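Visitor: Just dropping this structure here.
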Amino acid sequence: MIKRRDFLIKSGVALGALAIAPSFAFTSKKKPIGIQLWTLRDTLPKDVKGVLAQVGKVGFNEVETFGYSPTNGFFGTSVKDFKSMLCDNGLKATSNHFDFNGYIENGSTESIKSYIETANILGSDYITVPYIVQNLRGKSVDDYKTLASKINHAAELCKASGLKLAYHNHDFEFEKFESTTGYEILLNNTDKNLVDFEMDLYWVFRSGNNPLQLFKEHPGRFKMWHVKDMDKINPAFNAEIGTGSIDFKAIFAEAELSGMKRFFLEHESNYKPSPIESAAISYTYIKNNLI
């Protein structure tokens with residue numbers, strides 16, 4: 001599976017051929033259906049305008065961004081132009097994945113100030129911590145408490161500018177430390193009034209945990225979700241929503257307990273037949289069966 005950190009650590013991107021998708025015209029009249037644009041990481045950098053048009057045609061209402069660079073915007077597209085393209089296709093960037101590794105390592109808030117400015121131009125609600133590189137991950141309870149403190153500080157800066165900060169998980173946060181996990185430490189040591197959590201449902205299951213249990217233990221903390229299915233044969237692969245092994249109907253039934261306000265489809269691997277068409281298949285299942 002291609003690692004998200006490749007985009008966070010360096011500005012270079014892999015350019016892939018843009019698959020031509022059929023025209024879709026669904027529009028959700030219920031809860032907005034979002035997509036994490038990482039799903040389209042092979043095509044988006046090559047044709048930002050064209051790929052966003054495809055996203056709109058499928059019927060998505062919201063996007064979550066990735067790949068922002070203070071010097072290069074979104075893959076060579078300025079923030080203002082990027083917002084204009086979103087608006088042209090009935091889309092809004094309600095959340096943004098920005099690189100927090102530099103801040104976590106050296107404490108400098110200059111990058112966060114740039115992220116806040118970008119999010120406000122886009123009219124976003126959230127700035128989200130997407131991924132912590134391996135050498136900066138906590139190796140003890142105290143390390144995770146220090147990380148929680150840094151997240152709280154970043155969240156204070158976001159709040160002062162009318163934004164909310166969220167933390168997105170993978171599976172490494174569920175490593176055991178004494179009688180707890182890194183994820184539990186973050187949940188218990190971040191300010192509930194400042195920090196929300198974007199639960200990646202796939203990675204919770206992949207770590208051997210159950211989202212429903214976390215909802216019960218920390219009601220209202222998981223304001224955003226990544227909806228991503230697990231292949232029935234190979235758990236390392238994703239699947240179109242509704243074709244994998246995750247029972248999303250049971251999870252969506254507990255959306256209120258979770259505190260979920262919005263969610264983003266994400267699909268990282270094993271597309272059938274292509275990224276945009278896989279996203280469209282998942283969109284249709286979500287629209288017809290989950291909301």
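Visitor: Within the set of other residues whose C-beta is less than 13 Å from the C-beta of TYR271, count the net charge using Lys and Arg as +1 and Asp and Glu as -1.
Guide: Numbers: positive: ARG41, LYS228, LYS272; negative: ASP42, ASP229, ASP231, GLU240, GLU266, GLU268, GLU277.
The answer is -4.
Visitor: Test of understanding: given the chain, find the longest segment containing no trypsin sites (Lys or Arg not before Pro) that are in a DSSP loop and have at most 12 other Cβ atoms within 10 Å.
Guide: That would be 31-138.
Visitor: Please calculate how many Å² of accessible area the chain carries per residue, with a 1.4 Å probe and no DNA, RNA or ligand atoms counted.
Guide: 42 Å²
Visitor: Looking at the chain, what % of the alpha carbon pairs are farther apart than 34 Å?
Guide: 14 percent
Visitor: Something else: In a Gaussian network model over the chain where Cα atoms closer than 10 Å are linked, find which of ILE33, ILE121, ILE246 has the largest mean-square fluctuation.
Guide: Between ILE33, ILE121, ILE246, it is ILE121 that shows the largest mean-square fluctuation.
Visitor: Take the chain, connect every pair of alpha-carbon atoms lying under 10 Å apart with a spring to form a Gaussian network, then pick out the residue of ALA119, ALA250, ALA166 with the largest mean-square fluctuation.
Guide: Maximum fluctuation in the GNM of the chain, among the listed residues, is at ALA250.
Visitor: Please state the Cα pair-distance histogram of the stretch 181-284 with 5 angstrom bins from zero: what percent is in each bin?
Guide: P(r) for the stretch 181-284, in whole percents per bin: 2, 13, 23, 23, 17, 12, 7, 3, 0.
Visitor: Counting only GluC sites (Glu not before Pro) that are in a DSSP loop and have at most 15 other C-beta atoms within 10 Å, tell me the longest site-free stretch of the chain.
Guide: Answer - 1-174.
Visitor: Put +1 on the Cβ of every Lys and Arg and -1 on every Asp and Glu Cβ in the chain; which of ASN270, LEU147, THR43 then has its Cα farthest towards the positive end of the dipole?
Guide: Sorting the options by dipole projection puts first THR43.
Visitor: Roll a 1.4 angstrom probe over the protein heavy atoms and tell me the percent of accessible area of the chain that is carbon or sulfur.
Guide: 49 percent
Visitor: If the cut-off is 17 Å between C-alpha atoms, which lysines fall inside it for LYS287, apart from same-chain ones fewer than 8 positions away?
Guide: LYS29, LYS30, LYS31, LYS57, LYS228, LYS249, LYS261
The values are calculated or read from the model by the stated rules, or taken from the named source; none is laboratory data. The structure displayed is predicted, hence computed values, not measured ones. Here the Cβ is made from the backbone with ideal geometry for all residues, glycine too, and neighbour counts use every protein chain on show. Please note that ligands, DNA and RNA were not included when accessible areas were found on the heavy atoms of the full protein model with its side chains. Shrake-Rupley method; radii C 1.70, N 1.55, O 1.52, S 1.80 Å.
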